[in-house]
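The structure under discussion appears below in the form of structure tokens.
The values are calculated or read from the model by the stated rules, or taken from the named source; none is laboratory data. The shown structure was predicted, so the numbers you read here are calculated from the model rather than taken from an experiment. Neighbour counts run over all protein chains shown; Cβ positions are idealised from the backbone, glycine included. What goes into the accessible areas is simple: the full protein's heavy atoms, side chains included, and nothing from ligands, DNA or RNA. Shrake-Rupley method; radii C 1.70, N 1.55, O 1.52, S 1.80 Å.
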Amino acid sequence: TIVFTEFRLFNKRVNVRDPSAPLKVDINYAAQIRLRYEQNMITFQFAGMDFRRQGNIHYRYRMEGFDRDWVYGGTIHEATYTKLAPGIYTFSVQGSFDNTEWGIGKKSIKLIVLTPWYRAWWFYLSIILAFSVVIYAIYRFRIYQLQRMDRLRDRIARDLHDEVGSTISTISIYSRIMQEQSSTQSFDN
């Protein structure tokens, strides 16, 4: 039988009484460990529960999701992992007396390394949404500017039309007055 004896974070033993500790119960009774993304250097310590052959117990371990195959540790009863990427892992340990038959008994614990907030899906979604809102705002502002320019152009054209029309009307009135005056008066030399 294999048991976990200690869990260390950055080579410091995790105290289960500490409220900020990732473990709330003894490592041997924990079903899973949740770590923040920056807590990525961990050490598991384990032991075989046969005191008659204590120095002859050989161990192998594997972090599913990280190790491709079992890692042979010999008689060393600890495993250290550094720079674990965010994800879900399962750490398993097996023991053997003769280093040939590992048996079916193994001790496992689930390890969850949380994703940092800046690599979470909701952060990427919010960046995309913010970028879309900015692009849409720029588009709407450009449309507003073009509509404003069209209104200004229309007003200038209307004013110019009214002014030219007024000037033509004035010229027409003056020419009619001149025409009437010239037809009634005679020019004698």
At 0.36 nm per residue, and after removing the present C-alpha to C-alpha distance, how many nm does the segment from ASP150 to MET41 gain when stretched out fully? 32.8 nm
Using only the alpha-carbon atoms, how far is helix 121-184 inclined from the longest principal axis of the chain? Give it as 0 to 90 degrees, nearest 10. 0
When the Kirkwood radius is taken over all Cα pairs of region 126-175, what Stokes-Einstein diffusion coefficient follows at 4 °C and 1.567 mPa s, in µm²/s? 93
Evaluate E = 1/(1 + (r/R0)^6) for LYS24 and ARG140, where r is the Cβ-Cβ distance and R0 equals 41 Å; express this FRET efficiency to the nearest 0.05. 0.20
What residues have an amide H closer than 5 Å to that of ILE33, excluding those fewer than 5 places away on the same chain, when H is modeled at 1.01 Å from N in the peptide plane? LYS110, LEU111, ILE112
Give me the number: length gained by fully extending THR82 to SER172, i.e. 0.36 nm times residue separation minus the C-alpha to C-alpha distance, one decimal in nm. 22.9 nm
With contacts defined as alpha carbon pairs under 8 Å and 6 or more residues apart, what's the relative contact order of region 1-115 in percent? 30
Relative pair counts by distance (%), Cα atoms of region 76-181, 10 Å bins: 10, 15, 12, 10, 9, 9, 8, 7, 6, 5, 4, 3, 2, 0
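Normalising by the residue count of region 64-189, find the relative contact order in percent from Cα pairs under 8 Å and 6+ residues apart. Provide the component values of the computation, followed by the final result.
On the way: 54 pairs, mean separation 19.1, N = 126.
RCO, region 64-189: 15 percent.
Relative to the compact globular guide of 2.2 N^0.38 Å, what is the alpha carbon radius of gyration of the chain, as a ratio? Could the numbers behind the result be given before it?
Working: Rg = 43.2 Å, N = 189, 2.2 N^0.38 = 16.1 Å.
Its radius of gyration relative to the 2.2 N^0.38 Å reference: 2.68.
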So, with a 1.4 angstrom probe, what is the percent of accessible area on the chain that is carbon and sulfur? 56
Rounded to 5, percent antiparallel among DSSP beta bridges of region 15-123: 80
Excluding same-chain pairs closer than 8 in sequence, count the lysine pairs in the chain whose Cα atoms lie under 21 Å apart. 6
Accessible area (Å², per residue) of the chain, counting only protein heavy atoms and a probe of 1.4 Å: 74
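Relative to the compact globular guide of 2.2 N^0.38 Å, what is the alpha carbon radius of gyration of region 2-60, as a ratio?
Numbers: Rg = 13.2 Å, N = 59, 2.2 N^0.38 = 10.4 Å.
Dividing the Cα radius of gyration by 2.2 N^0.38 Å gives 1.27.
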